[in-house]
Structure formats: structure tokens, C-alpha cells
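Asker: Starting off with a structure, shown below.
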Amino acid sequence: MKFRLIPRNESFFPLFILSAENVYEGARKLNEMISSRLDDSTAAMKEVKSIEKKGDQYTRDLINKVHNSFVTPFDREDIHELAEGLDDILDEILNVADVIVLHNVEEENEHIKELAEILVISCDFVLSLMKKLEKLSNIEEELDGIIDCKRKARKVYRDSVSHLFSGELRSFDVLKLKDVNESLREAVKQTDRVADIVEAIAVKHT
């Protein structure tokens with residue numbers, strides 16, 4: 001019979017899953033907002049804002065649990081960083097929605113739609129990672145999937161910049177669409193940061 005010298009506080013893991021589910025819902029709602037050709041984007045942005053506020057609460061709950069727990073499943077600094085990493089994804093998702101409303105983006109744009117879809121896929125991988133956080137095993141598929149999403153997002157972003165500066169669009173349209181594309185790419189990059197944090201935790205505990 002194995003004896004664990006350092007007991008694990010299992011109550012952290014459900015909170016991480018809830019936080020990641022909320023992140024995925026934020027990405028899904030943003031994608032819905034964009035794929036619906038940005039109809040009633042103000043109302044959709046309010047829904048994204050509500051999801052982001054819920055994410056803030058999950059982050060606070062996780063950080064409070066770190067401070068109030070005698071035993072944690074892994075290093076307190078790593079728990080804090082991972083909680084903040086998930087929150088940063090939602091912050092970028094909200095930023096995309098804000099930019100869309102601020103710039104009154106109504107044009108259908110294939111690059112924006114493609115980046116939003118990539119973000120949903122990457123957030124789904126993040127959710128899957130959180131479900132495996134307790135055992136920290138067999139996470140290669142998720143890590144590889146998130147890296148692939150980052151690569152695809154980088155290519156789509158580069159293609160978008162090439163199109164935006166092709167001379168086909170008005171200057172103001174170029175600026176506002178570039179802002180949306182940049183924010184979407186940054187959101188995908190934040191999912192990769194979360195993957196890096198989980199991978200580093202796995203290395204420490206294997």
C-alpha cells in the first residue's frame with residue numbers, strides 16, 4: 001500500500017474545470033457573435049461580459065483557496081499562475097467583443113471568422129487539459145492541439161494583414177479589422193500560455 005507523504009487537496013480540480021468550462025463558453029459565445037455576422041453585437045458583448053465576470057469570480061475562488069489551504073495539490077505559485085492564465089484568456093475574449101462594438105464592426109470577414117473558430121477549438125483543448133490536471137497524464141494530445149491552433153492562428157493573422165493592406169479596403173476599415181484580428185490572435189496565444197503552465201507543472205510532478 002502506497003503512503004502519500006503530501007496529501008492532495010482535491011477540491012482545487014473541480015474549480016479549475018469550472019473556470020475552463022466558462023472560458024470555453026466565452027469563446028463559443030464570441031464565435032457565435034462573429035459568425036452571426038455581428039447582428040446585435042452590443043447584446044452579445046454583454047453576454048461575453050457576464051461570462052468574463054463569472055471567470056473573475058472563479059479566479060478569486062481559486063486564489064482564496066490557495067491562501068486558506070494548508071495543503072495544495074501543487075506549488076501555490078503554479079496554482080496562482082494557472083488561475084490567472086485562464087482569466088487572461090477571458091480578458092482577451094472580452095477585449096475582442098469590446099473592439100467589435102467600439103469600432104462598430106459589421107463587415108463579414110473570413111479571417112476574423114476563422115480566428116474565432118480556432119479560438120473555440122483551442123479553448124476546448126484547454127478544458128480537456130483541466131479535466132486531466134489531477135493526474136497530469138496523457139496530456140500530449142491537448143498540448144499538441146493547442147500548439148497547432150497557435151500555428152494556424154499565426155498563419156491566418158498573417159494572411160489577414162496581407163489582405164488588409166492590399167489596397168482593397170478603406171483606411172479606417174483596415175485599422176478596425178486589424179484590431180479585431182490582433183485581439184483574436186492574442187486570445188489564442190493566451191491558451192498556449194496556459195498549456196505551457198500545465199506542461200511545466202507536469203514536468204515538476206513526474
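Asker: What number, rounded to the nearest 500 deg cm²/dmol, is the helix-based mean residue ellipticity at 222 nm of the chain, given -39500 (n - 2.57) per DSSP H run of at least four residues and division by all its residues?
Answerer: Helix contribution divided over all residues of the chain: -27500 deg cm²/dmol.
Asker: Just name one of N138, V161, H103: the one whose Cα is farthest towards the positive end of the charge dipole of the chain (beta-carbon charges, Lys/Arg +1, Asp/Glu -1).
Answerer: The residue sitting most towards the positive pole is N138.
Asker: Separation between the E110 and I63 pseudo-spin-labels, each 7 Å from Cα along Cα→Cβ, expressed in nm?
Answerer: 4.3 nm
Asker: Of the labelled options [x] 33, 22, 16; [y] 35, 18, 12; [z] 23, 20, 17, which one gives semi-axes √(5λ) of the Cα gyration tensor in Å as computed for this structure?
Answerer: Entry [y].
Asker: Starting from the Cα of K204, draw a straight line to each of the lysines and keep only those under 18 Å, dropping any in the same chain fewer than 8 residues away.
Answerer: Straight-line reach from K204, under 18 Å: K132, K135.
Asker: Right, next: Pick out which of F12, F70, F125 has the largest mean-square fluctuation in a Gaussian network model of the chain, springs linking Cα atoms closer than 10 Å.
Answerer: For the chain, modelled as a Gaussian network with Cα springs under 10 Å, the answer is F70.
Asker: Mind telling me which of L119, L90, L82 comes out most flexible in a GNM of the chain, alpha-carbon contacts under 10 Å?
Answerer: L82
Asker: Okay, moving on. Using Cα pairs under 8 angstrom and six or more residues apart, how large is the relative contact order of the stretch 12-204, in percent?
Answerer: 30 percent
Asker: Additional query: To the nearest 20 debye, what charge dipole does the chain have about its Cα centre, counting +1 at the Cβ of each Lys and Arg and -1 at the Cβ of each Asp and Glu?
Answerer: Here the chain has a charge dipole of around 600 debye.
Asker: Also, quick follow-up: Considering the chain as a Gaussian network with a 10 Å cut-off on Cα pairs, which listed residue, E141, E25, E84, attains the greatest mean-square fluctuation?
Answerer: E141
Asker: Moving to a separate point now. I need the helices of the chain that pass two filters: whole DSSP H segments spanning 30 Å or more by Cα along the axis, and mean Kyte-Doolittle score no lower than 0.5.
Answerer: 110-131
Asker: Can I ask one more? Going by how many other beta carbons lie within 10 Å of each one, how would you line up M130, M45, fewest first?
Answerer: M45, M130
Any read-out appearing in this document is the output of simple, stated calculations on the displayed coordinates, not a laboratory observation. Source: prediction; values computed, not measured. In this analysis, Cβ positions are derived from the backbone assuming ideal geometry, glycine residues included, and neighbour counts consider all displayed protein chains.
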